[in-house]
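Single-structure report; data block below.
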Amino acid sequence: MRMRAVIVDDEPLARSSLRVLLARDPVIELVAECGSGEEAVECLCRLRPELLFLDVQMPEVDGFEVLERLGTDIPPAVVFVTAFDQHALRAFDAGALDYLLKPYADARFGLALARAKEQVARARAARGAAAASTRLAVRSGRAVHFVALADVAWVESADYCVDLHVAGRIHTLRRSMASVAAELEPAGFCRVHRTAIVNLSHVRALEAGADGEAEIVLHDGQRLPTSRRHRPALQERLGLRAG
């Protein structure tokens, strides 16, 4: 399967160099190039690539702020590309897979690309395993309860845990929101807000709220806000036109 990639760099020559190198690999599908961090955030949320080559120093919105704005929607493989080596430690702290220092040799780029492809393959395997799962294991004292995914209406962040809302009851799962979102998305769930994931089969309507923002209405009457960041993906999953 081809791997979708995006290049983000404010220097046209740098983008061109990466484009040429990526074109040598038949597996890579370059779906977009962005010349600014601001443009990149919108593009990445819309296209959801698996591989991202990201410049660090860009005017107004730099590479680190791009990742911060993406939140949990960071692509599986992020390779920072920069002319400055002082940002390396921060790059890895931000979740980067590799750090290319300009000017880099073709062999060094090849190593970074190979690592990125391996990372994407692992992420795909994890998603496939999640899609095959039909339940979540929830610990309660000495017991382990199994909650069917089909019964979970929505998931709410709760400090360092998440709350599963199931038929009027709440089950607390000691996992991060990001890891739960990654597992549930292939199983018919969608992140709609920084604090909420919904089971799309439990969605009754999408309505305009009092403040003009869109709200999700579940079959049990629960209303949940949606964020601008996650709304395009939600509309696509619901079969609606973004707008």
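See the values below:
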| read-out | value |
| --- | --- |
| Selection status of Arg115, at negative phi, without any contact (Cβ under 8 Å) to a residue 60 or more places away in the chain, out of contact with any Leu (no Cβ under 9 Å at 6 or more places or on another chain) and not acidic (Asp, Glu) | no |
| Any pair with Cβ under 6 angstrom, 6 or more apart, that starts in the range 28-55 at a residue that is free of Cβ contacts under 8 Å to residues at least 24 places away in the same chain and ends at one that is of a type in the set (Val, Ile, Thr) and surrounded by fewer than 22 Cβ atoms within 10 Å (Cβ to Cβ) | Glu38/Val61 |
| Some residue of the range 98-105 being within 19 Å of the chain's Cα centre (by Cα) and within 25 Å of His230 (Cβ to Cβ) | no |
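No lab work stands behind these numbers, since they all come straight from the coordinates. Being a predicted model, the structure only gives us computed values, none of them experimental. Backbone-built Cβ (ideal geometry, glycine too); neighbour counts: all protein chains shown.
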